[in-house]
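Below you'll find the structure, written out as structure tokens, and then a few comments.
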Ligand code: TYD
Ligand code: MG
């Protein structure tokens, strides 16, 4: 990472200054006395004046410009980070064991400019090297340190600050302050706090890998989420697909997802995923399936929403849906029942999204409603149909942002017929203003089929 440091570190005991943070002042021998100070723009020839960063400032005089971001070189990660890493950024990467966290971080560490440090508490240098060889990664600018003692790690960082650090994993670190057992909540909090503080002082970006475990024998990433700038989760989808998303991001939004495929050569980015989650069937889709064009960050993805309805025992239906919020499914089912005459309250409703993506875009509500209708009426929808719209409690189909782009992207993936509140006159589609009309239209099979 290119260093444009406009700051210095000054000993609060004797005033000695250094370019990098040091644990102990070489001049007076005091420990932990270095404080970062900003260098004011120097007038030619005169010594730069120093002003401590942490002094009180008038709010009106604060420089509001965000710190510069440096791309990591892995576009799908930069997309999720919001452009790249800012100096001193602390990024937590969570995910289940085996999902590919070490693989992704080794690829990132090899791609970042500058001299990096990969701290492994789980694997030997040989194992990490083997992986880097298998992934054919450049290794010249990456050091490996196998260390599980937090104090030793911090001492090593202080004497020889790298340009960026990856800690794999934070659950292997042990601090003597917190007892001898690694992975306890207290160990995680202490390691998280001290490493992120170090990153902020040294202006060095740090990645902390943390396993998400179902058994709960070791503490999960949740206990340190509040300490870091960005929390990323690496998630499985269908097969070898991996989804990276931010659940917290001080460097940007949390709307973007990064998509990768795990291959024999590591994680490969999927830059053009519009039709990725669509399954193309020769005989057309089965009943209960409808396609939505959803907006994920800055990209549009086609997703197949699947619904199944079965008569409920005792007459009271329940909703089982984890990819779309179950309360949203209940609401759409209620609107269908009240405004489109489709009885669903005595049915158990199961909803799924093909490919395992979580859908929160309101633009998927019309497709969800049509999937429910199709399942209940046992009537397959036309294979080339994409449904785009939000559903109001009054049973209206509402227009959603980026409609034309959604229609265009759908057409590019072979979905040539749209259904929306107000579509695009230049392309083939059906305007529906009420959910009742949409359902009646499909029930009468008047939608064009190929
Ligand atoms: P890993 O990065 O070790 O996962 P984590 O650190 O999250 O536990 O990767 C785990 C799996 O990925 C492992 O089962 C092997 C597979 N893999 C590939 O398929 N291709 C590859 O190039 C690499 C390095 C791993
Ligand atoms: Mg690992």
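The values are calculated or read from the model by the stated rules, or taken from the named source; none is laboratory data. Computed from a prediction, not measured in an experiment: that's the story for all the values here. Don't worry about glycine lacking a Cβ; one is built from the backbone with ideal geometry, like all the others, and counts go over all protein chains shown.
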Which count do you get for residues in the stretch 90-112 that are within 21 Å of residue 192 (Cα to Cα) and either more than 16 Å from the chain's Cα centre (by Cα) or outside the structural domain of residue 243 (by TED's automatic domain parsing) (or both)? 4
Among the numbered criteria (1) modelled with pLDDT of 90 or more; (2) at negative phi, which single criterion is violated by residue 266? (2)
For the stretch 346-450, give me every one of the helices (runs of 4 or more DSSP H) that falls completely inside it and has 1 or more residues that are within 30 Å of residue 260 (Cα to Cα), touching a residue at least 24 places away in the same chain (Cβ under 8 Å) and in the same structural domain as residue 242 (by TED's automatic domain parsing). none
Hey, any hits in the stretch 214-230 for a residue that's within 16 Å of ligand 2 (Cβ to nearest atom), within 16 Å of residue 89 (Cβ to Cβ) and crowded, with 18+ Cβ neighbours inside 10 Å? no
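Looking only at the stretch 322-345, count how many residues are part of a loop (DSSP other than H, G, I, E, B) and touching a residue at least 40 places away in the same chain (Cβ under 8 Å).
3
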Hey, any hits in the stretch 148-165 for a residue that's closer than 26 Å to residue 270 by Cβ, within 12 Å of ligand 1 (Cβ to nearest atom) and in contact with a helix residue (DSSP H, G or I) (Cβ under 9 Å, 6 or more places away or on another chain)? no
Scan the stretch 53-91 residue by residue and report those that are over 25 Å from residue 34 (Cα atoms) and in a loop (DSSP other than H, G, I, E, B). 64, 65, 69, 71, 72, 73, 74, 82, 83, 84
Just one of the numbered conditions (1) surrounded by fewer than 19 Cβ atoms within 10 Å (Cβ to Cβ); (2) within 16 Å of ligand 2 (Cβ to nearest atom); (3) over 17 Å from residue 135 (Cβ atoms) is not true of residue 55; which one? (2)
Counted residues in the stretch 373-397 being crowded, with 16+ Cβ neighbours inside 10 Å and touching a strand residue (DSSP E or B) at 6+ places or on another chain (Cβ under 8 Å) come to 17
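Right, residue 191: within 23 Å of residue 225 (Cβ to Cβ) and either buried (at least 22 other Cβ atoms within 10 Å of the Cβ) or more than 23 Å from the chain's Cα centre (by Cα) (or both) or not? Can you show your working first?
Numbers: within 23 Å of residue 225 (Cβ to Cβ): yes; either buried (at least 22 other Cβ atoms within 10 Å of the Cβ) or more than 23 Å from the chain's Cα centre (by Cα) (or both): yes.
Answer is yes for this residue.
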Would you be able to say whether some residue in the stretch 305-321 is under 19 Å from the mean Cα position of the chain (by Cα), assigned by TED's automatic domain parsing to the domain that holds residue 397 and in a loop (DSSP other than H, G, I, E, B)? no
Among (1) under 14 Å from residue 265 (Cα atoms); (2) within 9 Å of ligand 1 (Cβ to nearest atom), which single condition is residue 136 missing? (2)
Tell me which residues, restricted to the stretch 84-128, are surrounded by fewer than 16 Cβ atoms within 10 Å (Cβ to Cβ) and farther than 21 Å from residue 261 by Cβ. 113, 114, 115, 124, 125, 126, 127
Any idea which residue in the stretch 122-141 is nearest to residue 93 (Cα to Cα), counting only those that are touching a strand residue (DSSP E or B) at 6+ places or on another chain (Cβ under 7 Å) and within 16 Å of ligand 2 (Cβ to nearest atom)? 122
How about the stretch 254-273: which of its residues are touching a residue at least 60 places away in the same chain (Cβ under 8 Å) and either touching a strand residue (DSSP E or B) at 6+ places or on another chain (Cβ under 8 Å) or surrounded by 14 or more Cβ atoms within 10 Å (Cβ to Cβ) (or both)? 256, 257, 258, 259, 260, 262, 266, 267, 269, 270
